[in-house]
Amino acid sequence: MRKTIITAMMLLMGVVAQLQAATQGNENTRGVKYAQMYDERPRAIVVMPPINRTNHVEAKDFFYTTMYVPLCDKGYYVFPPMLTMEMFQAESAYDAEMFIEGNLDPFRNVLGADAAMFTIIKDWKRLNALGTITVNVEFILRSTKTGSTLYQREGTITVDNSVKSSQGGLFGALLNMAATAISTAATDKVEVGRKCASYVLSNMPEGPYSPNYEKDQNVKAGKDVIKETL
Amino acid sequence: MRKSLFGAIVGVMMLSSCGSVQPPLYSWYDAEDASYRYTKRLTEQEKAEAMAQYKKVIEKQKGSRATVPPGACAEYGYMLVKAGKKEEGLALLKKEMELYPESKTFISRIVNQLEK
């Protein structure tokens, strides 16, 4: 009896492992997809001011602030956001549009950055009554040494910010709507940026301060363009 | 029998899906939101709050690396310098370079300017 269970478990483990290997394929691992990243091994990343292609003026600031934590959590050195922001403004470089295809030498020479993370905000939609925000953002990491793109991913992420109160009935529903409108209007937008950044960047190779640095080449890389509700 | 087999299946599924979960490298408290609010409003109150959060990140680190995250010493140190606590702030900016040699090019330039 016990033997049958153990055999069944072993069999199952084998099947699961095979399934995982099959779904991963060869070309869709981090090691293959982001080969240049493993070649160049960038350690220090500068977050560039986001390029905003929407009418929502503030989106640029939300995304600038929210890139720092997810990249640190990935194990990279990320240049301090307030200090770099001050430098960008002093050098009149708060518009990253002129760098996205340009020469990145200044960022290597002045900051010591190995790579620059660009973000292009393509869409920002807010539905107040429903408490949802949908953003479409593309992340592009470029090497300051070679100028080539080391990592690129685009996500359309919907974040449900609705506040649920315990009160039922019509009164409860009205209260919920009011609370939701307030919450989507306030700092929750930073939360949306953060969720979006950490979700889309989750498949990025780990950085030098992560325990999985250089050990994650066989991890599945996922799609280049994703759509998700969080 | 059927029950234990089901248990085994669930167990295997859980084991195989949990492989990639790792504890966070750093604890951030409310530093990110607080510094965003400060850069937006630049009031004394927001500044005090942002500084308090960074202080916590530096002094009460509970992340798996058990060390201060990138940038925290530099941001807090620079805010201290601007608030008039020059020596304390410069010491923290130097600490950033010590913890993260990658920051040297940038931070040493700032330190040089502030020490002039």
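The values are calculated or read from the model by the stated rules, or taken from the named source; none is laboratory data. Quantities reported herein were computed from a predicted structural model and do not represent experimental measurements. Every residue, glycine among them, receives a Cβ derived from its backbone with ideal geometry; neighbour counts consider all protein chains shown.
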Just to check your reading of the model, which residue among B:Ser35, B:Ser20 is loosely packed, with under 14 Cβ neighbours inside 10 Å, hydroxyl-bearing (Ser, Thr, Tyr) and at pLDDT below 90? B:Ser20
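Residue by residue, here is whether (1) touching a helix residue (DSSP H, G or I) at 6+ places or on another chain (Cβ under 6 Å); (2) buried (at least 18 other Cβ atoms within 10 Å of the Cβ); (3) more than 8 Å from chain B (Cβ to nearest Cβ); (4) over 18 Å from A:Lys122 (Cα atoms) holds:
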{"position": "A:Leu71", "(1), (2), (3), (4)": "no, yes, yes, yes"}
{"position": "A:Lys74", "(1), (2), (3), (4)": "no, yes, yes, yes"}
{"position": "A:Tyr77", "(1), (2), (3), (4)": "yes, yes, no, yes"}
{"position": "A:Gln89", "(1), (2), (3), (4)": "no, no, yes, yes"}
{"position": "A:Asp95", "(1), (2), (3), (4)": "no, no, yes, no"}
{"position": "A:Asp105", "(1), (2), (3), (4)": "no, no, yes, yes"}
Which one is nearest to the chain's Cα centre (by Cα) among residues in region A:41-53 that are within 14 Å of chain B (Cβ to nearest Cβ) and over 18 Å from B:Thr105 (Cβ atoms)? A:Pro50
Restricting attention to region A:54-67, does a residue exist that is part of a helix (DSSP H, G or I), within 14 Å of another protein chain (Cβ to nearest Cβ) and exposed (fewer than 14 other Cβ atoms within 10 Å of the Cβ)? no
Looking at region A:107-125 only, could you name the residues that are among the aliphatic types (A, V, I, L, M), out of contact with any helix residue (DSSP H, G or I) (no Cβ under 6 Å at 6 or more places or on another chain) and more than 11 Å from every other protein chain (Cβ to nearest Cβ)? A:Ala115, A:Met117, A:Ile120
Within region B:98-113, which residues are within 17 Å of A:Cys72 (Cβ to Cβ) and not polar (S, T, N, Q)? B:Leu99, B:Tyr100, B:Pro101, B:Glu102, B:Phe106, B:Ile107
Single match in B:Ala74, B:Ala50, B:Ala31 (criterion: in contact (Cβ under 8 Å) with a residue 12 or more places away in the chain and more than 12 Å from the chain's Cα centre (by Cα)): B:Ala50
Return yes or no: is A:Leu150 in contact (Cβ under 8 Å) with a residue 24 or more places away in the chain, more than 12 Å from chain B (Cβ to nearest Cβ), crowded, with 18+ Cβ neighbours inside 10 Å and not aromatic (Phe, Trp, Tyr)? yes
Let me confirm something: among B:Ala50, B:Ala91, B:Ala72, which residue is at pLDDT below 95 and within 30 Å of A:Arg108 (Cα to Cα)? B:Ala50
Hey, A:Thr84 touching a residue at least 40 places away in the same chain (Cβ under 8 Å) and within 13 Å of another protein chain (Cβ to nearest Cβ) or not: no
